[in-house]
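Peer 1: First the structure, which I've put down as structure tokens, then a few questions once you've had a look.
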Amino acid sequence: KINIIIADIMKKFKFKTLCYTSGMVKQSGYNITEILTIMILLPLMLLKSTNALYKSSYKKITTMQKDVFYRIKNNEKMPWRTLLYSVAKRFVKLVDDSNADNSNANDSPKITALIIDDTIDSRTGRNIENISLVHDHTKNKSNLGFKNLMLIFYDGISAIVLDFSLHSEKKQKKKYQKQQFKKNRQKNSNG
């Protein structure tokens, strides 16, 4: 049943159209929407990574190999932010349309807000590009990882991420900085 529900949601969002209008295009191989759909399903299957998918019993859901996912994730030309913003716009439109169908003349004014949240994205491995020690104010200690800064639109009922950025804080020791992965990118690329 879950795959029918997911397929229905993808159709309502016109996900395939959003991918192509956002510029999410591959030259060959598996369809981009197939790859992204599986990536979206990972948290619903309680899996934290692509690697976890291939170590679980869910690995049978696809014939794709791990490299397919890693190439998409690491492709600096993929417009992730544009896709995220397109999905957010479509979400707001779907919610507004459903609220218009169920509205009464006596409804109170709609409460909306922009929320800025910084969440710690803990990682293991000192060789990850730009990884650093970030202070977690909820636990009052520093962890290896990134600070994920998010801009969220809240409409009184739902919250949708509009934008995000990953930040480093305290630099690691010099010996660990030298070990970190580095990649040269064009300044105007999405990466």
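Peer 1: Look at residue 170 and say whether it is modelled with pLDDT under 70, out of contact with any strand residue (DSSP E or B) (no Cβ under 6 Å at 6 or more places or on another chain) and of a type in the set (Lys, Arg).
Peer 2: On the way: modelled with pLDDT under 70: yes; out of contact with any strand residue (DSSP E or B) (no Cβ under 6 Å at 6 or more places or on another chain): no; of a type in the set (Lys, Arg): yes.
Considered against the rule, which asks whether it is modelled with pLDDT under 70, out of contact with any strand residue (DSSP E or B) (no Cβ under 6 Å at 6 or more places or on another chain) and of a type in the set (Lys, Arg), residue 170 comes out as no.
Peer 1: Quick check on my filter: what residues within the range 7-31 are over 15 Å from residue 87 (Cα atoms) and of a type in the set (A, V, I, L, M, F, W, C)?
Peer 2: Those that are over 15 Å from residue 87 (Cα atoms) and of a type in the set (A, V, I, L, M, F, W, C): 7, 25.
Peer 1: Okay, next question. When you look at residue 175, is it out of contact with any Pro (no Cβ under 6 Å at 6 or more places or on another chain), part of a loop (DSSP other than H, G, I, E, B), modelled with pLDDT under 85 and not aliphatic (A, V, I, L, M), yes or no?
Peer 2: No: the conditions fail for residue 175.
Peer 1: List the helices (runs of 4 or more DSSP H) inside the range 1-107, counting only whole elements, that have at least 1 residues being open to solvent by less than 50 Å² (accessible area, probe 1.4 Å), under 19 Å from residue 158 (Cα atoms) and at pLDDT 90 or above. Break it down into steps so the answer makes sense when it comes.
Peer 2: Details: elements: 2-13, 15-22, 32-44, 50-55, 66-74, 80-101.
Fully inside the range 1-107 and qualifying: 2-13, 80-101.
Peer 1: Run residue 166 past the list (1) open to solvent by less than 60 Å² (accessible area, probe 1.4 Å); (2) part of a strand (DSSP E or B) and report the number of the one that doesn't hold.
Peer 2: (1)
Peer 1: Let me ask something else. So residue 190 clears everything in (1) modelled with pLDDT of 85 or more; (2) within 22 Å of the chain's Cα centre (by Cα); (3) open to solvent by 50 Å² or more (accessible area, probe 1.4 Å) except one condition, right? Which one?
Peer 2: (1)
Peer 1: Is it the case that the range 126-149 has a residue that's surrounded by 11 or more Cβ atoms within 10 Å (Cβ to Cβ), under 30 Å from residue 8 (Cβ atoms) and modelled with pLDDT of 80 or more?
Peer 2: Checking the range 126-149: at least one residue is surrounded by 11 or more Cβ atoms within 10 Å (Cβ to Cβ), under 30 Å from residue 8 (Cβ atoms) and modelled with pLDDT of 80 or more.
The values are calculated or read from the model by the stated rules, or taken from the named source; none is laboratory data. Nothing here was measured: the structure is a model prediction, and the numbers come from that model. Reconstructed Cβ throughout: ideal geometry from the backbone, glycine too, with neighbour counts over all protein chains shown. For accessibility, only protein heavy atoms count, side chains too; no ligands or nucleic acids. Shrake-Rupley method; radii C 1.70, N 1.55, O 1.52, S 1.80 Å.
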